[in-house]
Amino acid sequence: MQSLMPTMDRYLEYVSVFSIILLSTALAGCPSKCICSKNKVKCVEKSLFSVPNFESLENEPDIIDISSNEIDYIQNFDFSFDKAKYVMILYLNDSKIIDIDDTAFKELINLREMYLSNNLLSDLPKNAFKYNKNLISLDLSHNLFRNMPKIISHSLKTLNLINSGIVNIEEDRFIDLPDIEYLYLQRNNIRIIHVDMFKYLPKLIVVELQYNAWKCTCETVEMFNYLSANSLVNIEEPFQCKTKNDFFITFFDNFGTKEPIKNLCLNNAHNTSYNFGGESEEIEEMEVDQEKLTKMLKGIIIEG
Ligand SMILES: *[C@@H]1O[C@H](CO)[C@@H](O)[C@H](O)[C@H]1NC(C)=O
Ligand SMILES: *[C@@H]1O[C@H](CO)[C@@H](O)[C@H](O)[C@H]1NC(C)=O
């Protein structure tokens, strides 16, 4: 016992010196407002105005979480650091992002999930996710898009656009998103989707469309009937269209299209834009000046 004690002491001394060395190695290169561990970098709610510099990271993070900050602009090279190829999940949600540069995410070649929800995005550069050939899930919910942004990805399976301000979706918007399986479009202001849009989505399993201001036209009914026949929507969900006088009409019951609507559309089969909600005066399509909107948003941020 007596002969063991000094050895033990020495041993403990070694251990503590050794762990100090280890600890400082692990922390080296970690941006000052972040916490780095073996496979994670976390810089949450740190009032950051730009993406921290990850150039000297020594760990190999598969998760980077920069959510809840004040970052308004994601620039090229923000994610062009040595260890970028290890990142599989990136949280950029709940910031103030207005703008993203075209090749900002280019070097995140193994990225699988990306969270950009709760930002101020009104558009995206069309190549934003083109280089992320392993991206399967993209969350763009709670943003300010008016037109569904153009996205190119041949790997993406889940696209979340819940409550993201969408009014228009062009028929060919999904032409470069052939792998989509889960599409979440509820709580927008979509008035019409042409049924042919879905031909660009051969792998679709689920599409959520509740709480939109659908047009009361036979075209809308046709689209829902198509989706229902292909088991993509459940017509027991509250799908409603909005009439000229701001009434909402539920156009399905448990048996399908409600009888009177079905008859009206049959009687007007030659005219898919026939409106059973009364002659519709078109909702004013306010032209959005993108530049003005961006300036306005920047103003809010500066003031706030
Ligand atoms: C960011 O997104 C993730 C995934 O949806 C979520 O778990 C987390 O709560 C979000 N953070 C904030 C601050 O909204
Ligand atoms: C089709 O229906 C719309 C709306 O109800 C109407 O304004 C239009 O004149 C109709 N077109 C034809 C060719 O009947």
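The values are calculated or read from the model by the stated rules, or taken from the named source; none is laboratory data. These figures come from a predicted structure and were not determined experimentally. Note that each Cβ is placed from the backbone with ideal geometry, even for glycine, and that neighbours are counted across all protein chains shown. For accessibility, only protein heavy atoms count, side chains too; no ligands or nucleic acids. Shrake-Rupley method; radii C 1.70, N 1.55, O 1.52, S 1.80 Å.
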- prompt: Does segment 80-96 contain any residue that is touching a helix residue (DSSP H, G or I) at 6+ places or on another chain (Cβ under 6 Å), open to solvent by 20 Å² or more (accessible area, probe 1.4 Å) and part of a loop (DSSP other than H, G, I, E, B)?
  reply: yes
message: Based on this model, can you work out whether Gln210 counts as touching a Lys or Arg at 6+ places or on another chain (Cβ under 9 Å) and not hydroxyl-bearing (Ser, Thr, Tyr)?
response: yes
task: Looking only at segment 214-229, count how many residues are touching a residue at least 40 places away in the same chain (Cβ under 8 Å) and either not in a helix (DSSP H, G or I) or not assigned by TED's automatic domain parsing to the domain that holds Val195 (or both).
output: 3
- prompt: Picking from Asn188, Asn168, Asn163, which residue would you name as being in the same structural domain as Tyr115 (by TED's automatic domain parsing), crowded, with 20+ Cβ neighbours inside 10 Å and polar (S, T, N, Q)?
  reply: Asn188
query: Mind checking which pairs have a first residue in segment 134-150 that is over 15 Å from Asn189 (Cβ atoms) and basic (Lys, Arg) and a second that is in a loop (DSSP other than H, G, I, E, B) and away from ligand 2 (no atom under 16 Å from the Cβ), Cβ under 6 Å, 6 or more apart or different chains?
result: Lys150/Lys126
message: Cβ-Cβ distance below 7 Å, separation of 6 or more or different chains: which pairs start in segment 73-92 with a residue that is within 16 Å of ligand 1 (Cβ to nearest atom) and end on one that is among the polar types (S, T, N, Q) and modelled with pLDDT of 95 or more?
response: Val87/Asn110; Met88/Asn110; Tyr91/Ser67; Leu92/Ser67
task: Taking Trp214 as meeting all but one of (1) under 27 Å from the mean Cα position of the chain (by Cα); (2) at positive phi, write down the number of the exception.
output: (2)
field: Of residues in segment 116-157 being over 21 Å from Ile66 (Cβ atoms) and of a type in the set (Val, Ile, Thr), the one least open to solvent (accessible area, probe 1.4 Å)
entry: Ile151
- prompt: Has segment 166-173 got at least one residue that is without any contact (Cβ under 8 Å) to a residue 40 or more places away in the chain, touching a strand residue (DSSP E or B) at 6+ places or on another chain (Cβ under 9 Å) and of a type in the set (Lys, Arg)?
  reply: yes
message: Pairs needed: first member in segment 261-274, open to solvent by 70 Å² or more (accessible area, probe 1.4 Å); second member anywhere, not in a helix (DSSP H, G or I); C-beta distance under 8 Å; at least 6 residues apart or different chains.
response: Lys262/Gly256; Ser273/Thr217
- request: Count, please, the residues in segment 44-62 that happen to be open to solvent by less than 40 Å² (accessible area, probe 1.4 Å) and either out of contact with any strand residue (DSSP E or B) (no Cβ under 6 Å at 6 or more places or on another chain) or within 15 Å of Leu108 (Cβ to Cβ) (or both).
  value: 6
